[in-house]
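What follows draws every value from the coordinates through simple rules; no lab data is involved. For clarity, every value in this text was computed on a predicted model and none was experimentally measured. Don't worry about glycine lacking a Cβ; one is built from the backbone with ideal geometry, like all the others, and counts go over all protein chains shown.
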Amino acid sequence: MAKVTQTSSRKSDHIRINLEEDVRSSLSTGLERYYFEHQALPEINLEDVGLSQTLFGRTLRAPLLISSMTGGTKEAQTLNLRLAEAAQAEGIAMGLGSQRAAIEDASLANTFQVRSVAPDILLFANLGAVQLNYGYGVDECQRAVEMAEADALYLHLNALQEAVQPEGDTHFAGLLKKIEAVCKALSVPVVAKEVGWGFSASTARQLANAGVQGIDVAGAGGTSWSQVEMHRAKDARQKRLAAAFLDWGIPTADSLIGIRKALPRMTLFASGGIRTGVDIAKSIALGAKLGGMAGPYLKAANQSVGATVQTIQELAREVQVCMFAAGAANLQQLGQTPLIERT
């Protein structure tokens, strides 16, 4: 039970720190280096610009993803239900936070169960991939999926975060073969997700060869989890260790570009420092299917479902206007719209 309490307590710390502290990376996403060529005569009507697509068997009304954040505490249950209700209302995707706490203590499962308010959304269950080296296997992954009634499973990779936690799980050797075994046996697709430092093209290729069907790049430029751990640290030495990695990682744009070149058919999600619908539209032009955010949705959900719905609507409208001004009538056209790199 001590381990369960420790995991749940860590999740509470993460929520509090993300709401109260400045935990942004010192790096930018790289998206600011790119811009669309403005089309003064787009030859389309704004109201006809379509944002819908189908992914993993679910129809989405906008290319937005509520990125994985939380679970395992009473506060997290309230936030997840608000997020999910808003996602259902607006037809967007949602990722759950790590379900490890609920695998360790089944009484916490309800903090991840949102289908009662969101029966139709594209929903991602979530476990840390490194737990496959600490006794987890296909059974635990399947339990996470069934617990959430999810459409796919995120296996998140957070090596640096684990390395700067005093209690971190840092045995990453031999993990790829275990990810491959899960991909082969699981009842739903597996999506690999970083947590804020991005994927290189070579790592993405390894994951693709292992059977991963999607990659959420979660690049540098947004929340830095080493900064979060710096705020959690109890002693000065641990704080200094975490603080040293403020500028670590592959910026979101660079991660997207590298993986798209290496794996043109891979389903990609863009997250890591995305803050506007224009950022999301740029990410789609660079090869992503969805643009994910965490912090803005968390702050909105901390207020109400209505505030979260409003945030989603504003972002979707920004994407739509951006597509209109770039002359892209739908997401497929947007994905083929070239961006210009600033010199």
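Suppose R0 equals 41 Å; then what is the FRET efficiency for Glu43 and Ala262 from their Cβ-Cβ distance, rounded to the nearest 0.05?
0.75
If you average over every viewing direction, what projected area does the convex hull of the Cα atoms of the stretch 222-279 give, in nm²?
Averaging across all directions leaves 5.1 nm² for the Cα convex hull.
Show me the GluC sites (Glu not before Pro) within the stretch 158-194 that DSSP assigns to loop and that have at most 11 other Cβ atoms within 10 Å of their Cβ.
Listed in order of number, the matching sites are Glu167.
Given 0.36 nm per residue, what is the gain on full extension from Lys234 to Asn302 after removing their alpha carbon distance, in nm?
Extra length available between Lys234 and Asn302 comes to 21.8 nm.
Rounded if a/c is under 1.5, else prolate if a/b beats b/c, else oblate: with a ≥ b ≥ c from the C-alpha gyration tensor eigenvalues square-rooted, which is the stretch 197-302?
Note, shape of the stretch 197-302 comes out oblate.
Starting from one equal scatterer on each C-alpha and no solvent at all, send me the Debye-based log10 I(q)/I(0) for the stretch 75-209 at q = 0.20, 0.22, 0.23 Å⁻¹, two decimals.
Evaluating at q = 0.20, 0.22, 0.23 Å⁻¹ gives log10 I(q)/I(0) of -1.23, -1.39, -1.46.
Zone of Ala173 (label point 7 Å along Cα→Cβ, backbone N under 15 Å): which residues in the stretch 131-161?
Counting only backbone N, you get 133-134.
Evaluate the distance, in nm, between pseudo-label points positioned 7 Å from the Cα of Glu32 and of Thr59 along their respective Cα→Cβ axes.
Spacing of the two 7 Å Cα→Cβ label points: 4.0 nm.
Report the net charge of residues surrounding Val212, where surrounding means a beta-carbon distance below 12 angstrom and charges are Lys +1, Arg +1, Asp -1, Glu -1.
For residues surrounding Val212, the net value is +1.
Would you compute, for the Cα atoms of the stretch 85-131, the largest minus smallest coordinate along each principal axis and list the three values in descending order, in whole Å?
Principal-axis extents of the stretch 85-131 (Cα, largest first): 33, 22, 12 Å.
In bins 10 Å wide, starting from 0, what share of all Cα pairs of the stretch 58-99 does each bin hold, as a percent?
Spelled out bin by bin, the stretch 58-99 gives 31, 51, 17, 0 percent.
Quick one: what does P(r) look like for the stretch 164-217 with 5 Å bins over all Cα pairs, in whole %?
4, 18, 25, 25, 17, 8, 2
So if I take the alpha carbon set of the stretch 260-314, get Rg, then get Rh from the Kirkwood formula, what is the Rg over Rh ratio?
Dividing the radius of gyration by the Kirkwood radius yields 1.08.
For the stretch 72-89, in order, what is each residue's ³J(HN,Hα) by Karplus, 6.51 cos²θ - 1.76 cosθ + 1.60 with θ = phi - 60°, in whole Hz (x at glycine and Pro)?
x, 9, 4, 4, 5, 4, 4, 5, 4, 5, 5, 4, 5, 4, 5, 4, 5, 4
With point charges of +1 on the Cβ of Lys and Arg and -1 on the Cβ of Asp and Glu, referenced to the Cα centre of the stretch 253-313, which listed residue (Gly306, Gly272, Ser255) lies farthest in the positive direction of the dipole?
Ser255
Packing-wise, with mean Cβ within 10 Å as the measure, how do 168-178, 134-144 rank, highest first?
Going by the mean number of other Cβ atoms within 10 Å, highest first, we get 134-144, 168-178.
Among 267-273, 60-66, 313-319, 216-222, what's the highest-first ranking by average C-beta atoms within 10 angstrom per residue?
216-222, 267-273, 60-66, 313-319
Can you give me the three principal axis dimensions of the chain from its C-alpha atoms, in Å, biggest first?
Computed over the chain, the largest-to-smallest principal extents equal 63, 44, 41 Å.
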